[in-house]
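Comments concern the structure below.
The values are calculated or read from the model by the stated rules, or taken from the named source; none is laboratory data. Because the structure is a prediction, the values reported are computed rather than measured. Reconstructed Cβ throughout: ideal geometry from the backbone, glycine too, with neighbour counts over all protein chains shown. For accessibility, only protein heavy atoms count, side chains too; no ligands or nucleic acids. Shrake-Rupley method; radii C 1.70, N 1.55, O 1.52, S 1.80 Å.
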Amino acid sequence: GVDLQVCTSKNPTCCTKKMEERYQTAAKQDIQQVLQTSSATLKFLISRNAAIFQETFETLIRLAENYTSTLFCNAYRNMAAEATTHVQEFFTDVGLFIFGTDVSTEEFVNRFFDTLFPVVYNHVINPGLTDISLEYAECLRTARRDIRPFGNVPKKAIGQMGRSLLPSRTFLQALNLGIEVINTTDHLHFSKDCSRALLRMQYCPHCQGLTLSKPCMGYCLNVIRGCLANMAEVDLHWRGYIQSMEELSSAMSGTYDIEHVLLNFHSLVNEALLQARVNGPELSEQVNKVCGPPVRKPTQSPGCSFDQDKDNQGLKIFSRDSEETLTSRRKEFISHLRLYRAFYGGLADQLCGNELAAADGLPCWNGEDVVRSYTHRVVGSGIKAQSGNPEVKVKGTDPVISQIIDKLKHVIQV
């Protein structure tokens, strides 16, 4: 073929324009394949752990809810049915927060104690033969923050929840972003110039019957560093991302450990109820001042409807090792993730070294001919370094990559 665009040569050629176009497609598919293969274990590591941590948090929330409902069943049986509803609402909010919904921890902790107060007043502080009316309950609910029947327990709970749930929420968000970064770089759009350079490197030798020759190392590096110049820009931020994941992970242990806080929430609730019981007479007086004497309606609360045994078997096993498991699982994950710190910076070298280029000292393809060695200058990684690339012209930053870099910067900030 005389009308070849890329695989032109002085020697006779056995390629036609049609073949060149098919080779062009093949070259692009090859590089995508190689990229996806090289990131597969990293992607699996992150997505598997995202699923494991999410599941562990779900189990933890269910277990903490069980402990709290069990407390009412065992110690405050007469108000258990009403209280369990508020307990469920509270732990639903905990879950929504951890899995990324915009709810405020302070808000839902306060809401829990607000809704609990009328129930506690009715059954512990001023128990009567019948229940208080809905209007009276509403008055108690709105007055709870001024009357402070539970002492400083709600404040303590707000502090603990905020400081323990936020790191877990951020950890999950960061894991999901890690998957997004890899998905983005796995499906990078290659420029026309890069595609032609890949074709020249991979398949043009075939047109001269040189099906076994591999590209020279320096030549391969120039082509692949040119094609992956945008991806190399992710390197600095990816390293920062892994480092901040490490710091976050080690800060997640200790007093504000999520397991510790959630699984001990029931004892905070118990402390709150004891305070209310001890200060019952004074609280009654305060309530009378704010809401007037209790207005009652003729109904009686049902007993405990919570089925304690249903979940407890499976959960007991979890609770014994949970603190140990979550912390050690995080440590193990981070130690694996650290091995991929230089993933984006060293990608071109890895691809040429492991797959694409000829071994040192062997005759190799330089884009035009089979030679002893490649004589052009080899450029570095990243966009700045590409101005002197003899094989690929690189124009500016890819907006898709800029966007993913912004997301990495944001999560590091968080």
Who wins for biggest fluctuation among 118, 399, 154 in a Gaussian network model of the chain, springs between alpha carbons below 10 Å? 399
Pseudo-spin-label distance residue 289 to residue 41, built 7 Å along Cα→Cβ, given in nm, is 7.0 nm
Sorted by chain and then number, the residues having a modelled amide H within less than 5 Å of the amide H of residue 365, at least 5 places away or on another chain, are 214, 216, 371
Positive end of the dipole of segment 103-239, charges at C-beta (+1 Lys, Arg; -1 Asp, Glu), about the Cα centre: which of 130, 187, 109 has its Cα farthest in that direction? 187
Segment 149-282 accessible area per residue, 1.4 Å probe, protein heavy atoms, integer Å², reads 38 Å²
Ellipticity estimate at 222 nm from DSSP helix runs (n ≥ 4, -39,500 (n - 2.57)) divided over the chain, nearest 500: -22000 deg cm²/dmol
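Can you give me the accessible area per residue for segment 10-141, using a 1.4 Å probe, in Å²?
Accessible area per residue: 46 Å².
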So, R0 is 25 Å and r is the distance between the beta-carbons of residue 373 and residue 11; what FRET efficiency does that work out to, to 0.05? 0.75
Tell me the carbon and sulfur percent of the accessible area for the chain, rounded to whole percent, probe radius 1.4 Å. 51 percent
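Quote the charge dipole size of the chain about the Cα centre in Debye, to the nearest 20; the model charges only the Cβ of Lys and Arg (+1) and of Asp and Glu (-1). Mind showing how you got there, number by number?
Working: 43 positive and 45 negative charges, 198 e Å.
That gives a dipole near 960 debye.
For segment 1-64, give the magnitude of the charge dipole about the Cα centre (Cβ charges: +1 Lys/Arg, -1 Asp/Glu; no others), in debye to the nearest 20. Present the calculation step by step, with values, prior to reporting the outcome.
Working: 8 positive and 6 negative charges, 22 e Å.
For segment 1-64, the charge dipole is close to 100 debye.
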Is segment 326-401 best put as rounded, prolate or oblate by its Cα gyration tensor, with a ≥ b ≥ c the root eigenvalues, rounded for a/c under 1.5, and otherwise prolate when a/b is larger than b/c, oblate when not? oblate
Over the chain, what is the mean sequence separation of C-alpha contacts under 8 Å (at least six apart), divided by residue count, expressed as relative contact order in percent? 29 percent
Which FRET efficiency value, to the nearest 0.05, is calculated for residue 21 and residue 325 with the Förster distance at 41 angstrom and r the Cβ-Cβ distance? 0.15
Could you check which residue among 94, 124, 234 shows the biggest mean-square fluctuation in a GNM of the chain with a 10 Å Cα cutoff? 124
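Could you tally up the Lys pairs in segment 8-64 with alpha carbons closer than 24 Å? Skip any pair fewer than 8 positions apart unless they're on separate chains.
4
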Please work out the FRET efficiency for the pair residue 145 and residue 409, using the Cβ-Cβ distance as r and a Förster radius of 30 Å; give the result to the nearest 0.05. 0.20
